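Engineer: One structure, as structure tokens, below. Some questions next.
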Amino acid sequence: LLYSTVTAFLGFNVNNDEYKVMGLASYGEPVYAEAVRQMLRLHDDGSYELDLEYFDFMYSRERMYSDKFIATFGQPRMENDPVTKQHQDLAASVQLVLEEALIHMAQCFYEQHGKIENLCLAGGVALNCTANTSCLKKHRSNMSGSSRHTLTQGTGALRVYEQFIPL
């Protein structure tokens, strides 16, 4: 929900325009990376948690970000507003932190389960080719996204289950 919140804050459509944030990141500098890291805490076991003080998605249908998010990153961009350097820098910052988180989670997974040849990702992050490439360079494993939507992961899990457990 971190990336989706930034997507909304930047005036794009959630669950549709995250690719625009990824693309916008290439025009900015990650000057807000430390602030984004404050919102996304990585744990030694590979898990993570969001600092919910920055988010309103659980309380509001109007917006995903809180007043604290606005105080940290400035006013949100409305859909037809011009894109500024600040928006580019926020996109670059969240992209960098996403890449760090993905690499961290993969590293923790490998430490817990041993080096595996293939790592399969699913859901929206699996479509972030920039983050996937960063993880691939770090871990030199084959990566693929099994689905583009988190809700379809159950189908993939069932197919793997069927291969190993006769029904």
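The values are calculated or read from the model by the stated rules, or taken from the named source; none is laboratory data. The structure displayed is predicted, hence computed values, not measured ones. Cβ coordinates were reconstructed from backbone atoms using ideal geometry, including for glycine residues, and neighbour counts include every protein chain displayed.
Engineer: So which residues in the range 65-118 are at pLDDT 95 or above and among the hydroxyl-bearing types (Ser, Thr, Tyr)?
Structural biologist: If the condition is that a residue be at pLDDT 95 or above and among the hydroxyl-bearing types (Ser, Thr, Tyr), then 65, 66, 72, 84, 93 are the ones that fit.
Engineer: Only one of (1) touching a residue at least 40 places away in the same chain (Cβ under 8 Å); (2) closer than 20 Å to residue 96 by Cα; (3) surrounded by fewer than 17 Cβ atoms within 10 Å (Cβ to Cβ) fails for residue 36. Which number is that?
Structural biologist: (3)
Engineer: Of all residues in the range 26-64, which are modelled with pLDDT under 95, of a type in the set (Gly, Ala, Ser) and either touching a helix residue (DSSP H, G or I) at 6+ places or on another chain (Cβ under 6 Å) or not in a loop (DSSP other than H, G, I, E, B) (or both)?
Structural biologist: 46
Engineer: Every residue in the range 53-73 that is of a type outside the set (Ser, Thr, Tyr) and surrounded by fewer than 14 Cβ atoms within 10 Å (Cβ to Cβ), please.
Structural biologist: Hits for the range 53-73 are 53, 58, 61, 62, 67, 71.
Engineer: Right, another one. State whether the residues of the range 8-16 include one that is of a type in the set (A, V, I, L, M, F, W, C), modelled with pLDDT of 95 or more, under 15 Å from the mean Cα position of the chain (by Cα) and part of a helix (DSSP H, G or I).
Structural biologist: yes
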